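The values are calculated or read from the model by the stated rules, or taken from the named source; none is laboratory data. Since the structure is predicted, the reported quantities are computational estimates derived from the model, not experimental observations. Note that each Cβ is placed from the backbone with ideal geometry, even for glycine, and that neighbours are counted across all protein chains shown. Areas reflect the complete protein model, heavy atoms only, side chains present, ligands, DNA and RNA absent. Shrake-Rupley method; radii C 1.70, N 1.55, O 1.52, S 1.80 Å.
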Amino acid sequence: SDQILTVDTATGAITPSATVPGSVRIISYDTASGGVFGLTDCCPRQLVKLDPSTAAATPIGTIDTPADTMTFAMAVDPATHTVFADLQSFPSFNTIVDQIVSINDVSGSFTLSAAPATDTVWSMYFEVPVSSITPDSIKADVRSALASGAISSAGLANSLLAELSQAQAARARGQCGTAGNLYRAFINDVNAQSGKAIATATAGRLVSEAQFLIANCP
């Protein structure tokens with residue numbers, strides 16, 4: 001049986017979930033939608049959205065693969081809600097076919113890589129393109145969220161923008177430590193309003209972008 005372990009990285013406390021249905025072997029987190037996703041064993045093999053507390057699994061889509069397919073790695077592109085997973089099947093005793101499946105974690109649609117990978121992929125990680133997140137782009141995302149209603153308070157949006165402007169100015173001066181502290185304050189404020197004045201998915205995306213800027217200061 002499989003379980004999800006939730007680990008508090010501040011205290012080290014570990015909370016196990018109930019048994020996960022469908023033998024989910026790997027999981028990954030979509031920072032934009034705020035969802036934990038996993039692939040079940042066959043049959044059918046499905047992408048499911050998981051509740052880390054109750055282990056309830058909501059099917060998102062079914063992946064058409066041979067019954068002997070095994071899954072070893074998964075990563076998510078939050079910008080496009082695309083889950084990438086390594087699938088390995090065994091058409092014969094001496095033959096291994098390794099492919100990458102791309103699955104949209106909203107629609108459930110999927111595609112398999114055109115040609116099998118040359119070797120087994122044991123781990124995967126999606127790195128957000130450096131050019132896609134900038135001090136200006138995260139401010140634009142806050143303004144867009146306010147316009148769409150994902151941030152419901154203009155006062156909160158203005159406060160967040162002020163923090164981001166201060167962080168941007170410190171970053172431009174080469175003061176990465178100061179900029180990092182300001183971005184962390186921004187993250188704390190966003191997390192405090194997640195699910196309240198800020199939609200959960202939007203909060204997750206803004207936090208992820210701020211973390212990226214902290215880690216990639218010039």
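Would you mind getting me the FRET efficiency between Ile14 and Lys196? Use the beta-carbon distance for r and R0 = 35 Å, nearest 0.05. Before the final figure, lay out the partial values.
On the way: r = 27 Å, r/R0 = 0.79.
Calculated value: 0.80.
Which percent of the accessible area of the chain is formed by carbon and sulfur heavy atoms (probe 1.4 angstrom)?
On the way: 6120 of 11210 Å².
That fraction is 55 percent.
For the chain, with only Lys/Arg (+1) and Asp/Glu (-1) charged at the beta-carbon, what is the dipole magnitude about the Cα centre, in debye rounded to 20? Please list the in-between numbers first.
On the way: 10 positive and 18 negative charges, 150 e Å.
For this selection, approximately 720 debye.
If one computes P(r) from the Cα atoms of the stretch 140-218, what percent of pairs lie at distances over 14 Å? Could the numbers behind the result be given before it?
Details: 1745 of 3081 pairs.
Within the stretch 140-218, distances greater than 14 Å cover 57 percent of Cα pairs.
Express the accessible area of the stretch 10-151 per residue in Å², computed with a 1.4 Å probe while the remaining protein chains stay in the model. Don't skip to the end; give the middle numbers.
Working: 7380 Å² over 142 residues.
On a per-residue basis, 52 Å².
Give me Rg/Rg_expected for the chain, where Rg uses Cα atoms only and Rg_expected = 2.2 N^0.38 Å with N residues.
Numbers: Rg = 19.8 Å, N = 218, 2.2 N^0.38 = 17.0 Å.
Against the compact-globule rule of thumb, the ratio is 1.16.
Could you sort the peptides 191-197, 30-36 by per-residue average Cβ neighbour count (10 Å cutoff), highest mean leading?
On the way: 191-197: 14.3, 30-36: 19.9.
The most tightly packed comes first, giving 30-36, 191-197.
Taking the Cα centre of the stretch 25-104 as the origin and placing charges on Cβ (Lys, Arg +1; Asp, Glu -1), which of Ser102, Gly38, Ala55 is farthest toward the positive end of the dipole?
Highest projection toward the positive end goes to Ala55.
Within the stretch 156-176, name every residue whose backbone N is under 15 Å away from a label modeled 7 Å from Cα of Arg184 along the Cβ vector.
167, 176
Non-local amide H neighbours of Met124 (under 5 Å, H modeled in plane, Pro and chain starts lacking H): which ones?
Correct list: Met74.
Report the dimensions of the stretch 1-88 along its three principal axes from the alpha-carbon atoms, largest first, rounded to Å.
42, 32, 21
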